[in-house]
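Please see the structure below; I have some questions.
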Amino acid sequence: MLSEKIKNTINGIRSQFPTEQALLLPLLHEIQNEQGWVSRESMKDAAEFLNLPLSKVREVTSFYTMYKLEPQGKVDVQICTNISCWLNGADKLVSCASKKLGIHAGETTADGKFTLSQVECLAACGTAPAMMINEDYHENLTEDSLLKLLDQCKSDVNAGKTVGKSSRKDGVWP
Amino acid sequence: MKYNNEHFEEVITPNVDKAGCETLDFYLKNENGYKALEKALKMKPAEVVDEVKKSNLRGRGGAGFPTGMKWSFMPANPVDANGNPKPKYLVCNADEGEPGTFKDRLIFTKTPHRMIEGMIIAGHAIASNKGFIYIRGEWFLEARLMQKAIDDAYKAGYLGKNILGSGFDYDLVIYKGAGAYICGEETALLNSLEGKRGEPRLKPPFPAQVGAYGMPSCVNNVETFAAVPYIIDKGWEKYAKMGTERSGGTRLLGVSGHVNKPGVYELPMNLSLLEVIEVAGGVKGGKLKAVIPGGASAPMLTAAECGVLTDYDSLAKAGTMAGSGGVIVMNDTVNIVEATYTLLKFYEHESCGQCSQCREGSHWLARMFKRILDGGGTQDDLDYIAKICGNMAGQTICAFADAVTGPALSSVRKFRAEFDEMILKGGLKGVGREESISHKMVGAHV
């Protein structure tokens, strides 16, 4: 079931776009944000809400990397390993985070708190190496600053606080 | 005179280091904000297009297509099959994702009103009443900052109905992508904007005929729009004079990699790449080895070739491209086979998969480079790489396949000795290097 909040957000921007299908990306962003991933069930809900065939929804969720097709950790640590970050020591950051969290890139910790991933260029090459934790950018990283951030995230997530969404108003759509 | 160019001044970034520069208040007080819009609204649309044409502004997204000409392709009074008028759309491409490129993010966070003003002027020029700003999905903060700037512009009467009493209406709407490099290609972007997979479209029809939601559309880059207010305000001559004969104005170059002061620099185009590197504090950690001058897709240049000027035509003559202004500097500690593999696994991941040449080709290239790194490469591989590239470039729906061949071919051609050594000595281990952890984890990428 889609939450009333998501329905309201999407209904609120409906008049901005000429087609219903245009609302699919925003809707999936909101589902991803609220549930942490996009389940088969959510895809059916999305299709029903926008009156689209389910295939149209699955075409989209299978194409874009930001829609996660399985549950993710509460803290998604995404380290850029593309060229400028790679030249500036992204490798060290990946090993450091991997060691600290006890998982390889592409994996989620057993307690479901952390996911570690390598991502492609975040357009922060001038402040490389860079990464995202959930919605927030962190730049000019060192192993030290990375470890501190991970510690902070850990204590925040243990305390039940929202992590890595510092610019948020409400929901995802600006 | 600072850069041996008496006409040069900063068009987009004169104040980006000042506190509060992103606010409407600052833009109005210190940067003559929205005065160009006032002027443009008193001009006829065709006059605005003409002004931009004469300024020699070229698209800053990568292709370098003349902006005024692109605007002039928009049909004057499009109608549908029943003779009813069709809306026209203007689209801003803010899907900045070309590795090495980070200039548009600076505009978004530091001078968003300049881009908004540019879009409204462009809207007037092509007689469109609605614009979409397509922002890459990872930019949560940037999208919110842009939405705030748009809200402020509405409140101040620069957007909405009857702007500044001119009778011209204009609306701006933000749309967010969801993590796909290919959506920077303009027709893939249009599909994504329609809520579909970001797969490039066959052309023709071009977006000026069938664009967003089937309507005539014009897509321009963030930096392109941000240059427009200056051109209207100061006149085309001043802008054109700063540049070269065929490309006007300044360029925002994002210099990254092995330099002491990485960052975005607004520079005249009569500087050589070596001079640009000097501006960015010089090479760090070793001697200059190679430079990618225009984002990952631009063929790389050796240190000896870096005397080339950074305008579109000089770089094209040197066999590479100005692209999106991402200058990636590599020092002599870098192994070119490894660096190129870093790019090729990116392309392998980001190919949309529509065309088999690109889907298979980008995969094969990445695998062959990996095999060379792992010690299983042969001399024949190097010829085969060239052969695969020959079957990719120019054979597909969009320019992605050409982009893949940029780093693949140029690295083998220009740094052949390094490939030969690695093949001869049995890969990375043979040349005394360790495998990069990010190269190990194939499939761990998102």
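I want to confirm something. Restricting to the stretch B:76-121 and keeping residues that are away from chain A (no Cβ under 12 Å) and within 26 Å of residue B:346 (Cα to Cα), which single residue is surrounded by the fewest Cβ atoms within 10 Å (Cβ to Cβ)?
Among those that are away from chain A (no Cβ under 12 Å) and within 26 Å of residue B:346 (Cα to Cα), it is B:93.
Can you spot a residue in the stretch B:187-197 that is among the polar types (S, T, N, Q), assigned to a helix (DSSP H, G or I), in contact with a helix residue (DSSP H, G or I) (Cβ under 6 Å, 6 or more places away or on another chain) and on the phi < 0 side of the Ramachandran plot?
Yes, the stretch B:187-197 has at least one match.
Which residue out of A:39, A:15 is more than 12 Å from every other protein chain (Cβ to nearest Cβ) and of a type in the set (Ser, Thr, Tyr)?
A:39
From B:156, B:178, grab the single residue that is touching a residue at least 12 places away in the same chain (Cβ under 8 Å) and more than 10 Å from every other protein chain (Cβ to nearest Cβ).
B:156
Further question on the same structure: If I ask for residues that are of a type in the set (S, T, N, Q) and at positive phi, which ones from the stretch B:135-186 would you list?
The answer is B:162, and nothing else.
Could you list all residues from the stretch B:27-40 that are surrounded by fewer than 19 Cβ atoms within 10 Å (Cβ to Cβ) and in contact with a Ser or Thr (Cβ under 9 Å, 6 or more places away or on another chain)?
Going residue by residue through the stretch B:27-40, those that are surrounded by fewer than 19 Cβ atoms within 10 Å (Cβ to Cβ) are B:28-30, B:32, B:35, B:38-39.
If the condition is that a residue be surrounded by fewer than 19 Cβ atoms within 10 Å (Cβ to Cβ) and in contact with a Ser or Thr (Cβ under 9 Å, 6 or more places away or on another chain), then B:38 is the only one that fits.
Let me ask you something else. Given the condition part of a loop (DSSP other than H, G, I, E, B), in contact (Cβ under 8 Å) with a residue 12 or more places away in the chain and within 30 Å of residue A:97 (Cβ to Cβ), answer yes or no: does some residue in the stretch B:423-434 qualify?
Yes - at least one qualifying residue is present in the stretch B:423-434.
A further question on this structure: Report, by residue number, each residue of the stretch B:251-269 that is under 20 Å from the mean Cα position of the chain (by Cα), of a type outside the set (A, V, I, L, M) and either more than 9 Å from every other protein chain (Cβ to nearest Cβ) or buried (at least 20 other Cβ atoms within 10 Å of the Cβ) (or both).
Once the filter is applied, which keeps residues that are under 20 Å from the mean Cα position of the chain (by Cα), of a type outside the set (A, V, I, L, M) and either more than 9 Å from every other protein chain (Cβ to nearest Cβ) or buried (at least 20 other Cβ atoms within 10 Å of the Cβ) (or both), the stretch B:251-269 yields B:251, B:254, B:256, B:257, B:262, B:265, B:266, B:268.
Within the group B:323, B:248, B:295, which residue is away from every other protein chain (no Cβ under 14 Å), under 18 Å from the mean Cα position of the chain (by Cα) and either assigned to a loop (DSSP other than H, G, I, E, B) or crowded, with 23+ Cβ neighbours inside 10 Å (or both)?
B:248
Given the criterion more than 8 Å from chain B (Cβ to nearest Cβ), within 11 Å of the chain's Cα centre (by Cα), small (Gly, Ala, Ser) and in a loop (DSSP other than H, G, I, E, B), identify the matching residue among A:73, A:112.
Unique residue meeting the criteria: A:73.
Which residue, of A:95, A:84, A:166, A:117, is within 14 Å of the chain's Cα centre (by Cα), within 13 Å of chain B (Cβ to nearest Cβ) and outside any strand (DSSP E or B)?
A:166
Could you grab me the full set of residues in the stretch B:61-90 that are in contact with a helix residue (DSSP H, G or I) (Cβ under 6 Å, 6 or more places away or on another chain) and at pLDDT 95 or above?
Scanning the stretch B:61-90 gives B:67, B:68, B:71, B:72, B:89, B:90.
Now a separate question. Among the listed residues A:90, A:105, A:123, A:110, which satisfies the condition of being crowded, with 23+ Cβ neighbours inside 10 Å and without any contact (Cβ under 8 Å) to a residue 24 or more places away in the chain?
On inspection, the qualifying residue turns out to be A:123.
I would also like to ask the following. Just give me the residues in the stretch A:43-61 being in a helix (DSSP H, G or I), more than 12 Å from residue B:196 (Cα to Cα) and either in contact (Cβ under 8 Å) with a residue 24 or more places away in the chain or touching a Gly at 6+ places or on another chain (Cβ under 6 Å) (or both), in sequence order.
Scanning the stretch A:43-61 gives A:45, A:46, A:49, A:50.
The values are calculated or read from the model by the stated rules, or taken from the named source; none is laboratory data. The structure displayed is predicted, hence computed values, not measured ones. Glycine gets a Cβ as well: all are built from the backbone with ideal geometry, and neighbour counts include every protein chain shown.
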